[in-house]
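K.L.:
Encoded as structure tokens, here's the structure I'll be asking about.
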Amino acid sequence: MTRHQLPNAITVSRMVMALPLLWLLANAHYRPALALALVAGATDLLDGFLAKRFGWQSVLGGILDPIADKLLLSVCFLGLWSSQQLPTWIVATILLRDAVVALGAFAFWKSTGALTPAPTGISKAATLSQLLLVALLLAHLSGFDILQRWVQPLVLATAAATVVSGMDYVVSYSLRAWRQHRGQR
């Protein structure tokens with residue numbers, strides 16, 4: 001492995017963390033799950049820093065990094081749901097939005113032949129809200145009880161941001177596809 005491949009190797013290591021994290025959450029081992037989630041977050045920062053600082057960015061890294069992020073976040077929601085720490089409706093909302101975005105991206109790519117992912121401000125806000133919810137809930141379940149009062153409001157804010165983000169993706173990419181097809185006539 002060369003130095004240029006280091007960010008991708010770190011990203012893959014983050015993906016490997018998903019299965020143990022799911023097991024820890026599903027079995028209510030919240031402190032180790034919090035520690036592993038923090039390590040995963042640190043690797044996300046590290047691979048991004050290395051790629052940008054040393055110019056080690058790659059097409060593969062551009063694909064793997066968001067997949068690793070989404071995989072870990074989805075695992076956290078599934079694990080917290082399976083240990084009955086999150087209601088079904090919020091997990092279903094988040095996973096349904098992700099499925100709609102993924103299917104929409106595939107349809108856009110098949111329709112237009114090109115796809116340049118461009119996260120919107122609301123999608124970044126939704127992801128941040130989801131990350132905060134997982135972090136806050138894991139911290140609470142690990143014994144930081146002072147944070148408990150913020151969990152329910154954050155669940156509701158996360159749901160709202162997730163729904164609005166999903167609708168934003170559907171509308172914006174539908175308009176982009178329509179404009180592209182209209183321009184080809």
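Read the figures in this text as sums done on the coordinates, not as results from a lab. Just so we're clear, the structure is a prediction, and the values are computed from it rather than from any experiment. All Cβ positions, even for glycine, are placed from backbone atoms using ideal geometry, and neighbour counts span all protein chains on display.
K.L.:
Can you compute 3J(HN,Hα) from phi for each residue in region 63-76, using the Karplus curve 6.51 cos²θ - 1.76 cosθ + 1.60 with θ = phi - 60°, rounded to whole Hz and x for Gly and Pro?
P.N.:
Values per residue, Gly and Pro as x: 8, 5, 4, x, 5, 4, 4, 5, 4, 5, 5, 5, 4, 4 Hz.
K.L.:
Between R31 and Q152, what is the label-point separation in nm under the 7 Å Cα-to-beta-carbon projection?
P.N.:
2.8
K.L.:
Could you compute the net charge surrounding C76? Neighbours are other residues with a C-beta less than 12 Å from the C-beta of C76; K and R count +1, D and E count -1.
P.N.:
My count for the surroundings of C76 gives 0.
K.L.:
Report, as a whole number in µm² per second, the diffusion coefficient that Stokes-Einstein gives for region 8-108 at 10 °C and 1.306 mPa s using the Kirkwood radius over alpha carbon pairs.
P.N.:
109
K.L.:
Then there's this: With springs only between Cα atoms under 10 Å, which of F77, F54, F144 fluctuates most in a Gaussian network model of the chain?
P.N.:
Looking only at F77, F54, F144, the largest GNM fluctuation is found for F54.
K.L.:
Could you compute the FRET efficiency for L175 and L132, with r as their C-beta to C-beta distance and R0 at 45 Å, rounded to 0.05?
P.N.:
0.90
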